[in-house]
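Beneath this line is the structure, given in C-alpha cells, with notes to follow.
Coordinate-derived values only; no laboratory data. As the structure is a computational prediction, the values presented were derived from the model and not from experiment. Note that we place each Cβ from the backbone using ideal geometry, even for glycine, and neighbour counts take in every protein chain shown.
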Amino acid sequence: MTLAMQLITASILLMVCSGIHLGLLVVAAGVLRWAGSYFPIPHRGNHWGMLTAIAFTTVIFAHTIQVWLWAVSFMVLGALTQFTDALYFALVTYTTLGYGDVTVSEGFRLFAAMAAVTGLLNFGLSTAFLVGLMTKILPTDIKGR
C-alpha cells in the first residue's frame, strides 16, 4: 500500500471511529440527563453509581467498537492474516502500548500508526467526558441538591 493510500485510508477510518465515539458520547449524555432526574434525593448513592456505570459502559463500548474496526481493517487490507493477531495488534496499537511482538509490514506502518492516533484522540475525549460528568455529579451528591 502506498504512503498516500495508507494516510487516506487511515484518516477515513480515524474519522469514522471518532464519529462513532462522539455519537455514542452524545447519546450517553442524553441518557445521563434522563437518568440524573430519575432517582430522588434520598437515593443519591444509587444516583452516583448508576450515572458512573452508564458513562463507563458507554466509553468501554465505544473503544471496543473502534478496536474491532481497526482489526477488521488490518484483515481486509491484508496487513495481518490471522484475526486473533489483528485484534491483538489493533488493541495494543490503539492503546499505544505497542508491545512489538506482532507487527505489520513496511507497507502498512503508517496505517497502523494512525490506529494509535485514533486511540489517543478518543481516549482524550473519553477522559474529558468522564471528568465533565464527575464535576457535575460529585458536588451534587456530596452537598445534596
Could you work out the relative contact order of the chain, using alpha carbon pairs under 8 angstrom and six or more residues apart, expressed as a whole percent? 32 percent
Once the piece of chain linking T81 and T52 is laid out straight, how much longer is it, given 0.36 nm per residue of separation minus the C-alpha distance between them? 6.6 nm
Pop a pseudo-label 7 angstrom from the Cα along the beta-carbon direction at both L125 and A113 and give the gap in nm to one decimal. 2.3 nm
Positive end of the charge dipole of the chain (Lys, Arg +1 and Asp, Glu -1 on Cβ, about the Cα centre): tell me which of T103, T93, I65 has its Cα farthest that way. I65
Search the structure for amide H atoms under 5 Å from the amide H of T95, placed 1.01 Å from N in the peptide plane, and list their residues when 5 or more places away or on another chain. none
In nm, to one decimal, how far is the I65 label point from the M5 one, both placed 7 Å along Cα→Cβ? 2.9 nm
In nm, what is the difference between 0.36 nm times the number of residues separating A35 and E106 and their Cα-Cα distance? 20.7 nm
In nm, the gap between the two label points placed 7 Å beyond Cα toward Cβ at V27 and I12 is 2.4 nm
Compute, for the chain, the length of the dipole vector about the Cα centre, with Cβ point charges of +1 (Lys, Arg) and -1 (Asp, Glu) only. Units Debye, rounded to 20. 720 debye
Exposure proxy check on S105, S73, S18, S126: fewest-to-most Cβ neighbours within 10 Å is S105, S18, S126, S73
Give the angle, between 0 and 90 degrees and rounded to the nearest 10, that separates the Cα long axis of helix 83-94 from the longest principal axis of the Cα atoms of the chain. 60 degrees
First measure r as the distance between the Cβ atoms of K136 and T96, then evaluate 1/(1 + (r/R0)^6) with R0 = 41 Å and state the FRET efficiency to the nearest 0.05. 0.90
Here are several values of semi-axes √(5λ) of the Cα gyration tensor in Å: (1) 39, 21, 13; (2) 24, 23, 11; (3) 38, 13, 12. Which one was derived from the coordinates shown? (3)
Summing -39500 (n - 2.57) over the DSSP H runs of n ≥ 4 in the chain and dividing by its residue number, what mean residue ellipticity at 222 nm do you reach, to the nearest 500 deg cm²/dmol? -28500 deg cm²/dmol
